[in-house]
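Engineer: Before anything else, here's the structure in question.
The values are calculated or read from the model by the stated rules, or taken from the named source; none is laboratory data. A quick note: this is a predicted structure, and the numbers were derived from the prediction, not measured. So basically every Cβ, Gly included, is an ideal-geometry build from the backbone, and we count neighbours across all protein chains shown. Heavy atoms of the whole protein, side chains included, go into the accessibility calculation; ligands, DNA and RNA do not. Shrake-Rupley method; radii C 1.70, N 1.55, O 1.52, S 1.80 Å.
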Amino acid sequence: MIEDSVKKLLNEIPEKNPFGEKVTLVAAVKTQTPEDINRAISAGITDIGDNHVQEFRDKFDEILPSKRHFIGTLQTNKIKYLLGKVDLYHSVDRFSLAEELDKKSGNQGLCSSVLLEVNVGCELTKSGFSLEEASSAYEKIKTLKNLKICGLMGMLPLTDDEQILRKLATAMRAKYDEIRKIDGNFEFLSMGMSGDWKICIECGSNLIRLGTSIFGARSYNK
Ligand SMILES: *Cc1c(COP(=O)(O)O)cnc(C)c1O
């Protein structure tokens, strides 16, 4: 039951990470129906994260008031459907996307809040800046006036090897701290999914994105 899962998670997730920062829980809602998403919100979920622009658009008007996150890969030609509706874009994974989001935000008199996506495990299947290029990407994107960079987002590799997960999560936190020292807007380190969120919080994540733990295994043919 969604309600039970949410209550259990809200009990289980520590209020603060070891750095004393509040931990935010975002429900990753890809493939979920508006009814199920609203059940989660009624049970205490405050933040909703979408992957697909089409799904986001189809369900937008039906979702109860909540903070909206975009966490999926974003094509520049679809930015227009999200502008002004998304509170935080997690997945700025290339300069061209940042540039286009900046331009379109400016055209509408908006300033969009973004996270820079880091491909911390250097995986071919994932997008994002490498850990090594994160600082230079930050410097470059920082010059765009209609974006507010609020932190970093990362997805760890799918592995049961805790040592690898801890090593990568700690490296992400170190990069986050390095930039945070020079940028007071840095507020979110978005890292942690159903399989690895405990480790991520222990290593300094302050925002986790959970789908399966809330809604159960996804069915893609609904
Ligand atoms: C689907 C998804 C999640 C949640 O994954 P679960 O393993 O179901 O918790 C988190 N982040 C992103 C970017 C996702 O696409």
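Engineer: If I ask for residues that are buried (at least 19 other Cβ atoms within 10 Å of the Cβ) and more than 16 Å from the ligand (Cβ to nearest atom), which ones from the range 1-30 would you list?
Structural biologist: 17
Engineer: Looking at the range 200-221, I want the residues that are on the phi > 0 side of the Ramachandran plot and have a partner that is in a loop (DSSP other than H, G, I, E, B) and of a type outside the set (Val, Ile, Thr) with Cβ atoms under 7 Å, at least 6 apart or on another chain. Which pairs are those?
Structural biologist: 204/17; 204/18; 204/19
Engineer: For residue 99, only one of the following conditions fails: (1) farther than 20 Å from residue 173 by Cβ; (2) within 16 Å of the ligand (Cβ to nearest atom). What is its number?
Structural biologist: So the condition that residue 99 fails would be (2).
Engineer: Return the pair list, or none, for Cβ contacts closer than 6 Å from residues in the range 130-146 that are crowded, with 19+ Cβ neighbours inside 10 Å to residues that are in a loop (DSSP other than H, G, I, E, B) and hydrophobic (A, V, I, L, M, F, W, C), at least 6 apart or on different chains.
Structural biologist: Qualifying pairs under 6 Å: 131/120.
Engineer: Here's a follow-up. Looking only at the range 166-178, count every residue that is open to solvent by less than 10 Å² (accessible area, probe 1.4 Å) and out of contact with any helix residue (DSSP H, G or I) (no Cβ under 6 Å at 6 or more places or on another chain) and tell me the total. Lay out the reasoning, then the answer.
Structural biologist: At the first step, the residues of the range 166-178 found to be open to solvent by less than 10 Å² (accessible area, probe 1.4 Å) are 169, 172-173, 176.
With out of contact with any helix residue (DSSP H, G or I) (no Cβ under 6 Å at 6 or more places or on another chain) added as a condition, the list becomes 172-173, 176.
Number satisfying all stated conditions: 3.
Engineer: Are any residues in the range 115-146 touching a Cys at 6+ places or on another chain (Cβ under 7 Å) and closer than 14 Å to residue 98 by Cα, and if so, which ones?
Structural biologist: At the first step, the residues of the range 115-146 found to be touching a Cys at 6+ places or on another chain (Cβ under 7 Å) are 115, 130, 146.
If the condition is that a residue be touching a Cys at 6+ places or on another chain (Cβ under 7 Å) and closer than 14 Å to residue 98 by Cα, then 115, 146 are the ones that fit.
Engineer: Of everything in the range 179-205, what is assigned to a loop (DSSP other than H, G, I, E, B), within 15 Å of the ligand (Cβ to nearest atom) and surrounded by 23 or more Cβ atoms within 10 Å (Cβ to Cβ)? Give them in sequence order. Give the derivation first.
Structural biologist: Of the residues in the range 179-205, the ones assigned to a loop (DSSP other than H, G, I, E, B) are 181-187, 192-196, 203-205.
Filter once more, keeping what is within 15 Å of the ligand (Cβ to nearest atom): 192-196, 205.
Selection gives 192, 196, 205.
Engineer: Something else about it: In the range 135-168, which residue that is away from the ligand (no atom under 16 Å from the Cβ), under 20 Å from residue 70 (Cβ atoms) and among the hydrophobic types (A, V, I, L, M, F, W, C) is farthest from the chain's Cα centre (by Cα)?
Structural biologist: Of the residues in the range 135-168, the ones away from the ligand (no atom under 16 Å from the Cβ) are 135-150, 161-164, 166-167.
Adding the requirement that they be under 20 Å from residue 70 (Cβ atoms) leaves 137-138, 141, 144, 146-150.
Keeping just the survivors that are among the hydrophobic types (A, V, I, L, M, F, W, C) gives 137, 141, 144, 147, 149-150.
Values: 137: 18, 141: 18, 144: 21, 147: 16, 149: 13, 150: 11 Å.
Top of the filtered list is 144.
Engineer: Residue under question is residue 127, and the condition is that it be within 13 Å of the ligand (Cβ to nearest atom), open to solvent by 10 Å² or more (accessible area, probe 1.4 Å), under 18 Å from residue 71 (Cα atoms) and in a helix (DSSP H, G or I); does it hold?
Structural biologist: The answer is no for residue 127.
Engineer: Return yes when residue 168 is touching a residue at least 24 places away in the same chain (Cβ under 8 Å) and closer than 18 Å to residue 88 by Cβ and no when it is not.
Structural biologist: Working: touching a residue at least 24 places away in the same chain (Cβ under 8 Å): yes; closer than 18 Å to residue 88 by Cβ: no.
It is false that residue 168 is touching a residue at least 24 places away in the same chain (Cβ under 8 Å) and closer than 18 Å to residue 88 by Cβ.
Engineer: If you scan the range 1-19, which residues turn out to be part of a loop (DSSP other than H, G, I, E, B) and either of a type in the set (Lys, Arg) or under 19 Å from residue 203 (Cβ atoms) (or both)?
Structural biologist: If we filter the range 1-19 for residues that are part of a loop (DSSP other than H, G, I, E, B), which is where we start, we get 1, 13-15, 17-19.
Scanning the range 1-19 gives 13, 14, 15, 17, 18, 19.
Engineer: Go through (1) over 23 Å from residue 194 (Cα atoms); (2) outside any loop (DSSP other than H, G, I, E, B) for residue 145 and report which single condition fails.
Structural biologist: Against the list (1) over 23 Å from residue 194 (Cα atoms); (2) outside any loop (DSSP other than H, G, I, E, B), residue 145 comes up short only on (2).
Engineer: Related question: Residues in the range 154-165: is at least one surrounded by 14 or more Cβ atoms within 10 Å (Cβ to Cβ) and among the charged types (D, E, K, R)?
Structural biologist: Taking the range 154-165 as the starting set, the residues that turn out to be surrounded by 14 or more Cβ atoms within 10 Å (Cβ to Cβ) are 154-157, 165.
Next cut, among the charged types (D, E, K, R) only: none.
The answer is no; no qualifying residue exists.
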